[in-house]
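The values are calculated or read from the model by the stated rules, or taken from the named source; none is laboratory data. Because the structure is a prediction, the values reported are computed rather than measured. In this analysis, Cβ positions are derived from the backbone assuming ideal geometry, glycine residues included, and neighbour counts consider all displayed protein chains. Heads up: the accessible areas ignore ligands, DNA and RNA and are worked out on the full protein's heavy atoms, side chains in. Shrake-Rupley method; radii C 1.70, N 1.55, O 1.52, S 1.80 Å.
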Amino acid sequence: MKFPETGQGEPLSSYMAEKPHKNPEFIHCGPLDNVKIDKRVRIFLGGSIEMGKAPDWQTAFADKLAFLPVAAFNPRRIHWDPDWKQDIKDKNLLHQMDWEMTNLDKSDLIILYFHPNTISPVSLMELGRYSQSGKLIVCCPEGYHRRGNVQYLCKKDNVTLLDDFDDLVKTSIEKLQELAGKGSVKECHSIWRLLSGMWTAFIVAARRPVVVDRA
C-alpha cells in the first residue's frame, strides 16, 4: 500500500496523484481558520497525525474532495508546539481539543485513518465516541498495533471499515455526493413549500370579494 504524502516518503498512488478541478464552493479549513460554512456538507478528516509520524494524508485527501461543494475540516497544524502542556488549563491545547470536538459533532461524515506507524490514542478515543453515530468511515491497514480492536468495534457497531487508503477516499466521495444530493433535494422541497404557500395566499386573496366604496 502506498501512503499519500506531500513532499516526503513514498509517492502518491496514481489515483491520488490525479487532482480534480477545484469547486469554488469547496472549503478546506483547520483549527486556526475562521470561515463561514453555511449549509455545506461537512467532513472531518480525523485520524493519525502524531506530530509528523504519519504523513500529511489529510492534505492529499482534501485535494481529491476539492471538486465538491463541501467543507473539509483538517485538525493537522502546519506547526505543532511540543511544549504545550497536557492539561486543560493550557489555552492552546484547549482550543485545539475544543475545535476538534465541536466540528466532529457538527460533521455529516467523519473519517478515521489509522496509520500503521502510529499509536493514535486520540483517534481510538474518537472511534469509541462516534462508532454509533452512523456517520463514520474507518480505514485501518494491516500493521496498525490495535487493528484487532478497531476491527471488533467496527463490526459490532456496523461501521464501514476499509484496509486501503484509496478505497477510503473513493468511498468517502460517494458518501459526500449522496449527502450533498440529499441536501439539494431538501432545499428544493423547502423552495417548493415556500412557493406553494405564496400561491395559496394569492388564490385566497384573489377570491375575496372586492368592496367598493360608493360614498
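Restricting attention to the range 144-170, and to residues there that are assigned to a loop (DSSP other than H, G, I, E, B) and not β-branched (Val, Ile, Thr), which single residue is nearest to MET16 (Cα to Cα)? Break it down into steps so the answer makes sense when it comes.
Initial filter on the range 144-170 (assigned to a loop (DSSP other than H, G, I, E, B)): 144-146, 157-159, 163-164.
Still in the list and also not β-branched (Val, Ile, Thr): 144-146, 157-158, 163-164.
On the way: TYR144: 22, HIS145: 25, ARG146: 26, ASP157: 29, ASN158: 27, ASP163: 16, ASP164: 12 Å.
Ranking the candidates gives ASP164 first.
Being part of a loop (DSSP other than H, G, I, E, B) and at pLDDT 90 or above is the filter here, so list the residues in the range 1-31 that pass it. Listed by number, the residues that qualify are SER13, GLU18, LYS19, PRO20, HIS21, LYS22, ASN23, PRO24, GLU25, PHE26, GLY30, PRO31. Scanning the range 49-89 for residues being assigned to a loop (DSSP other than H, G, I, E, B), at pLDDT 95 or above and open to solvent by less than 40 Å² (accessible area, probe 1.4 Å) gives a total of 4.
Checking the conditions here, which among THR102, THR118 is farther than 15 Å from GLY47 by Cβ and either open to solvent by 20 Å² or more (accessible area, probe 1.4 Å) or out of contact with any strand residue (DSSP E or B) (no Cβ under 7 Å at 6 or more places or on another chain) (or both)? On inspection, the qualifying residue turns out to be THR102.
Looking across the range 117-143 at every residue that is within 21 Å of ASN74 (Cβ to Cβ) and assigned to a loop (DSSP other than H, G, I, E, B), the one that is nearest to the chain's Cα centre (by Cα) is identified as LYS135.
Scanning the range 141-173 for residues that are touching a Pro at 6+ places or on another chain (Cβ under 6 Å) and acidic (Asp, Glu) yields one hit, ASP163.
For the range 121-150, a tally of residues being in contact (Cβ under 8 Å) with a residue 60 or more places away in the chain and either open to solvent by 50 Å² or more (accessible area, probe 1.4 Å) or hydroxyl-bearing (Ser, Thr, Tyr) (or both) returns 1.
Among the residues of the range 90-116, those identified as touching a residue at least 60 places away in the same chain (Cβ under 8 Å) and assigned to a helix (DSSP H, G or I) are HIS95, GLN96, TRP99, GLU100, ASN103, LEU104, LYS106.
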